[in-house]
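Peer 1: If you scroll down you'll find the structure; I have some questions about it.
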Amino acid sequence: VQLQASGGGLLQAGGSLRLSCAVSGSIFHINSVGWFRQAPEKQRESVARIFSTGSTFYADSVKGRFTISRDNAKNTVNLQMNSLKTEDTSVYYCNVVQTKGIGYWGKGTLVTVSS
């Protein structure tokens, strides 16, 4: 499984950004796709996840502001981020977990939110 994250950038607080994760390779048997983020000197944290059932998970810090969705035709998972805050500044990583429990990571994409 290969993951390609894109969409990061620099923007002001209050703005919106959409991240995309293109999934290729052995895309069958994927249980869930999610986004994590890691700010400097902080631990990587889960932001949002979408499961094969369609159910979703959001971290409390992004609920109501971020929306995760999938485009099955394009094999992509998107993260729409609205009302961005300076504390959302992080490197964002895409993650896939297969039904047998194996996980894959993509390279991160940097999101910088200025005040």
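Peer 1: Can you name the residue in the range 29-41 that is over 11 Å from the mean Cα position of the chain (by Cα) and within 15 Å of residue 86 (Cα to Cα) and, of all such residues, is least open to solvent (accessible area, probe 1.4 Å)? Give the steps one after another, and end with the answer.
Peer 2: Just the residues of the range 29-41 that are over 11 Å from the mean Cα position of the chain (by Cα), to begin with: 29-32, 38-41.
Next, only the ones that are within 15 Å of residue 86 (Cα to Cα) stay: 38-40.
Numbers: 38: 62, 39: 22, 40: 107 Å².
Looking at the filtered set, the residue picked out is 39.
Peer 1: Filter the range 1-28 for residues that are open to solvent by 60 Å² or more (accessible area, probe 1.4 Å) and assigned to a strand (DSSP E or B); which is farthest from residue 86 (Cα to Cα)?
Peer 2: My answer is 2.
Peer 1: Restricting to the range 76-115, and then to whatever is aromatic (Phe, Trp, Tyr) and open to solvent by 50 Å² or more (accessible area, probe 1.4 Å), can you tell me which residue is nearest to residue 11 (Cα to Cα)?
Peer 2: Only one residue tops the list, namely 105.
Peer 1: Looking only at the range 43-77, count every residue that is within 14 Å of residue 111 (Cβ to Cβ) and part of a strand (DSSP E or B) and tell me the total.
Peer 2: 4
Peer 1: Name the single residue that is least open to solvent (accessible area, probe 1.4 Å) among those in the range 42-75 being modelled with pLDDT under 95 and hydroxyl-bearing (Ser, Thr, Tyr).
Peer 2: The residue in question is 52.
The values are calculated or read from the model by the stated rules, or taken from the named source; none is laboratory data. Note that the structure is predicted; figures quoted are calculated from it, not measured. Cβ coordinates were reconstructed from backbone atoms using ideal geometry, including for glycine residues, and neighbour counts include every protein chain displayed. Ligands, DNA and RNA are stripped out before the accessible areas are found, and what is left, the full protein with its side chains, is counted by its heavy atoms. Shrake-Rupley method; radii C 1.70, N 1.55, O 1.52, S 1.80 Å.
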